[in-house]
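What follows is a single structure, written as structure tokens, with notes after it.
The values are calculated or read from the model by the stated rules, or taken from the named source; none is laboratory data. Computed from a prediction, not measured in an experiment: that's the story for all the values here. Cβ placement follows ideal geometry from the backbone for every residue including glycine, while neighbour counts extend to all protein chains displayed. For the accessible areas, the whole protein counts, side chains as well, though only heavy atoms, and no ligand, DNA or RNA atoms are used. Shrake-Rupley method; radii C 1.70, N 1.55, O 1.52, S 1.80 Å.
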Amino acid sequence: MERILVTGSSGLLGRSLVSHLQSLCLDVRTFRSANFNLEEPAQAEHLFRANSDVDTVFHLAAAVGGIVAHRNNKADYYYRNSVINAVTVHSANKYCKNLKKIVLVSSACVYPADAPLPLTESDIWGGWPEPNVQIYGLVKRML
């Protein structure tokens, strides 16, 4: 049976993903940031060492706070999300010995405000993300 770890499992997309994966009778593992804060490298390493047998990681976790919070705290959100992404990918790769894939989830925030509809993947690089969520969008692009 495939063993799956989902970061960000309590968010809107995470809850739906976990429900779907569980309906397929897969071994789905979740956690709360109160128990394993991915902004803390030691806690992330502990999480992935404790789940070293997972085959797949779905990485949905992010520091979010809404448009006003992102606009007023750009450096903070840049740092927090960069750390979450870096320690998650690094720790999963280092400690999960059966790891076959890491699924990295993006956001519509990566697209320029004037991107043509419907959006396509190639439109991501057509300009800077919308100013109110620009930092979040850039960190997601880096991911």
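Determine the order of C109, C96 by accessible area, beginning with the largest, at a probe radius of 1.4 Å. Kindly include the intermediate steps, with their values, before the conclusion.
Working: C109 35, C96 5 Å².
These residues rank, largest area first, as C109, C96.
Segment 46-134: which trypsin sites (Lys or Arg not before Pro) are DSSP loop and have at most 16 other beta-carbon atoms within 10 angstrom? Could the numbers behind the result be given before it?
Numbers: sites: R49, R71, K74, R80, K94, K97, K100, K101; in loops: K97, K100.
Counting only loop positions with at most 16 other Cβ atoms within 10 Å, the trypsin sites (Lys or Arg not before Pro) in segment 46-134 are K97, K100.
Can you list the residues, at least 5 places off or on another chain, whose amide H is less than 5 Å from the amide H of A61, using H built in the peptide plane?
T7, G8
If I stretch the segment between V103 and A42 completely, what's the gain in nm (0.36 nm per residue apart, minus their alpha carbon distance), one decimal? Mind showing how you got there, number by number?
Values: separation 61, 0.36 × 61 = 21.96 nm, distance 2.20 nm.
That works out to 19.8 nm of additional length.
Around V87, what is the net charge, scoring Lys/Arg as +1 and Asp/Glu as -1 over all other residues with Cβ under 13 Å from its Cβ?
Numbers: positive: R49, R80, K94; negative: E39, E40, E45.
That works out to 0.
Can you give the accessible area of H20, probe radius 1.4 Å, in Å² rounded to 10?
Around 100 Å² of this residue is reachable by solvent.
Would you mind getting me the FRET efficiency between D27 and V89? Use the beta-carbon distance for r and R0 = 30 Å, nearest 0.05.
Numbers: r = 21 Å, r/R0 = 0.72.
E(calc), rounded to 0.05, equals 0.90.
How much accessible area per residue does segment 1-100 have, in Å², with a 1.4 Å probe?
Working: 5450 Å² over 100 residues.
That works out to 55 Å² per residue.
Show that you can apply the helix-only estimate: for the chain, add -39,500 (n - 2.57) for every DSSP H stretch of four or more residues, divide by all residues, and state [θ] at 222 nm to the nearest 500.
Numbers: 5 runs with 59 residues, N = 143.
Mean residue ellipticity, 222 nm, calculated: -12500 deg cm²/dmol.
Can you tally the net charge around S10? Count Lys and Arg as +1, Asp and Glu as -1, for every other residue whose Cβ sits under 15 Å from the Cβ of S10. Write out the running numbers ahead of the final one.
Values: positive: R15, R29, R32; negative: none.
Taking every Cβ under 15 Å from that of S10, the sum is +3.
Please report the net charge: other residues with Cβ closer than 11 Å to the Cβ of S106, K and R +1, D and E -1. Walk me through the numbers before you get to the answer.
Values: positive: K140, R141; negative: E121.
Net local charge, S106 excluded: +1.
Please state the relative contact order of segment 57-143 as a whole percent: Cα pairs under 8 Å, 6+ residues apart? Don't skip to the end; give the middle numbers.
On the way: 99 pairs, mean separation 31.7, N = 87.
About 36 percent, as a whole number.
At a 1.4 Å probe radius, carbon and sulfur cover how many percent of the accessible area of the chain? Show your work: numbers first, answer last.
Values: 4450 of 8080 Å².
The computed percentage sits at 55.
Taking amide H positions as placed in the peptide plane 1.01 Å from N, state which residues far from R29 in sequence (5 or more) or on other chains have amide H under 5 Å from it.
I4, L5, V6
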